[in-house]
Ligand code: FAD
């Protein structure tokens with residue numbers, strides 16, 4: 001049998017969270033003995049078979065239909081359900097994301113599958129199929145038992161390291177007859193509001209807090225973010241005070257981020273801020289107060305004055 005993985009593409013590349021999902025499926029297949037098939041929709045990206053194979057795929061089902069390049073939810077759900085039957089899968093794995101959530105919800109109905117999102121570990125198969133998920137913005141875990149034959153697992157970002165040792169996965173090109181209702185909603189074009197790296201998708205985020213004293217000092221954050229190719233964020237008071245736009249506000253009541261690296265400058269680390277950033281792979285904190293709560297959860301910390309530390313850090317990164 002197969003485990004099927006639904007992947008997402010963005011600007012000619014496969015999203016890293018999708019490669020994590022492929023590697024999760026490979027690890028699961030290592031326990032269940034299933035092979036890992038990836039369903040790839042629309043245009044393939046350069047080196048797709050190598051990339052997916054390295055991450056753990058044993059095969060790729062490429063559904064070539066240009067209309068699938070845009071993430072039309074109904075169409076994606078229809079195709080994935082057909083491929084799910086074709087490869088005789090019982091489990092679908094995908095990355096937790098807004099598109100993934102929408103597709104997974106429809107597939108749960110179509111496939112009569114138990115769906116668990118925010119999965120943070122491989123299932124325990126000793127008594128049924130019990131999988132751990134993260135709840136309350138990462139503050140707690142719950143073990144959920146799936147009783148349906150078909151299962152859908154949406155994997156939380158930064159949980160599964162991407163494998164890099166597999167061999168290229170053979171690609172089978174298929175055409176699927178899609179009913180016109182599958183395209184009843186049509187994306188006619190997309191345009192980015194800014195040329196900047198978008199916060200929710202950023203791999204690196206540099207955020208500034210109230211300790212920076214005012215908007216006139218934001219050049220520090222901008223220079224560091226530019227040097228690192230990072231998106232810019234801020235704490236809630238900073239946006240409440242109007243120093244930065246609200247869309248940069250990170251936390252429980254703002255944007256939730258899950259980058260590989262979150263760099264917090266002059267942010268205390270209040271629980272409401274951490275709720276939006278604790279899915280980051282690494283957290284680095286710069287704060288002049290050694291007792292700042294952020295240090296308790298950070299992977300690395302610099303106790304120092306941001307006005308002294310940040311310019312030096314920026315120069316050092318530029319010199320790399
Ligand atoms: P402060 O708490 O003022 O901390 C500033 C930090 O900067 C201090 O640790 C200080 O030591 C350090 N500092 C000062 N000067 C320097 C310097 N020169 N160099 C280095 N360090 C320096 N907050 C969020 O961020 N996001 C949310 O989504 C959010 N939602 C909330 C929801 C609710 C219902 C409530 C009640 C609060 C929420 N908050 C949220 C607010 C949160 O509780 C904190 O008040 C806020 O996160 C604090 O922001 P801050 O760390 O930037 O400021």
- Task: Scan segment 40-59 residue by residue and report those that are in a strand (DSSP E or B) and more than 21 Å from the chain's Cα centre (by Cα).
- Result: 59
- Query: Can you name every residue in segment 296-310 that is in contact with a helix residue (DSSP H, G or I) (Cβ under 8 Å, 6 or more places away or on another chain), part of a helix (DSSP H, G or I) and either without any contact (Cβ under 8 Å) to a residue 24 or more places away in the chain or away from the ligand (no atom under 12 Å from the Cβ) (or both)?
  - Reply: 297
- Breaking point among (1) touching a helix residue (DSSP H, G or I) at 6+ places or on another chain (Cβ under 8 Å); (2) under 22 Å from residue 134 (Cβ atoms), for residue 228: (2)
- Task: Select from segment 21-39 the residues that are part of a strand (DSSP E or B) and without any contact (Cβ under 8 Å) to a residue 60 or more places away in the chain and list them in ascending order.
- Result: 35, 36, 37, 39
- Query: Would you pick out the residues in segment 278-291 that are in contact with a helix residue (DSSP H, G or I) (Cβ under 9 Å, 6 or more places away or on another chain) and either touching a residue at least 40 places away in the same chain (Cβ under 8 Å) or within 11 Å of the ligand (Cβ to nearest atom) (or both)?
  - Reply: 278, 285, 286, 287, 288, 289
- Query: Can you find even one residue in segment 217-227 that is within 13 Å of the ligand (Cβ to nearest atom) and free of Cβ contacts under 8 Å to residues at least 24 places away in the same chain?
  - Reply: no
- For segment 100-143, enumerate the residues that are surrounded by 20 or more Cβ atoms within 10 Å (Cβ to Cβ), touching a helix residue (DSSP H, G or I) at 6+ places or on another chain (Cβ under 8 Å) and over 30 Å from residue 70 (Cα atoms). 123
- Query: Given 56, 33, 29, 47, which one is surrounded by fewer than 18 Cβ atoms within 10 Å (Cβ to Cβ) and closer than 23 Å to residue 125 by Cα?
  - Reply: 33
- Residue satisfying condition, being in contact with a strand residue (DSSP E or B) (Cβ under 8 Å, 6 or more places away or on another chain) and modelled with pLDDT of 80 or more, within set 229, 214: 229
- Those residues that are closer than 15 Å to residue 211 by Cα, out of contact with any strand residue (DSSP E or B) (no Cβ under 8 Å at 6 or more places or on another chain) and within 9 Å of the ligand (Cβ to nearest atom), I need them from segment 241-273; list them, please. 270
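The values are calculated or read from the model by the stated rules, or taken from the named source; none is laboratory data. Small disclaimer: the values here were computed from a predicted structure and weren't measured. Every residue, glycine among them, receives a Cβ derived from its backbone with ideal geometry; neighbour counts consider all protein chains shown.
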